[in-house]
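Only one structure is covered here, and it is reproduced in the block below.
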Amino acid sequence: MTNIIDILLPYQKSFFLDKHKRKIWLSGRQLGKSLAMSVIAVYKALLKKNGLSLIVSTGARAANEMIRKCI
């Protein structure tokens, strides 16, 4: 069985492993932000007590994409 963060690229792993409570990620388009956020949401839901993630988007299409990546 693979580790959940093995599917992430190095810069996504560093964002995932950062222990700060609040983070900001400034990046360009198509760099895998939604995949990294989906991995963080699933990780918190499965492995953290009272893990809660909120998906907020400017449009329903982007929010649905995030939800599909979490499944």
Only residues in the stretch 1-26 that are open to solvent by 100 Å² or more (accessible area, probe 1.4 Å) count as the first member; pair them with residues that are of a type outside the set (Asp, Glu), Cβ under 8 angstrom, at least 6 apart or cross-chain, and list the lot.
-> 7/35; 7/39
Hits in the stretch 46-61 - residues which are open to solvent by less than 70 Å² (accessible area, probe 1.4 Å) and modelled with pLDDT of 85 or more | 59
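Among the residues of the stretch 27-43, which ones are polar (S, T, N, Q), at negative phi and surrounded by fewer than 13 Cβ atoms within 10 Å (Cβ to Cβ)?
Keep residues of the stretch 27-43 that are polar (S, T, N, Q), which gives 27, 30, 34, 38.
Next, only the ones that are at negative phi stay: 27, 34, 38.
27 - this is the single residue of the stretch 27-43 that is polar (S, T, N, Q), at negative phi and surrounded by fewer than 13 Cβ atoms within 10 Å (Cβ to Cβ).
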How many residues are in a helix (DSSP H, G or I) and under 16 Å from residue 15 (Cβ atoms) if we restrict to the stretch 25-71?
-> 14
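The values are calculated or read from the model by the stated rules, or taken from the named source; none is laboratory data. Quick caveat, the model's predicted, so the values are computed rather than measured. All Cβ positions, glycine included, derive from the backbone under ideal geometry; neighbour counts span all protein chains shown. These accessible areas exclude ligands, DNA and RNA; they are computed on the full protein's heavy atoms, side chains included. Shrake-Rupley method; radii C 1.70, N 1.55, O 1.52, S 1.80 Å.
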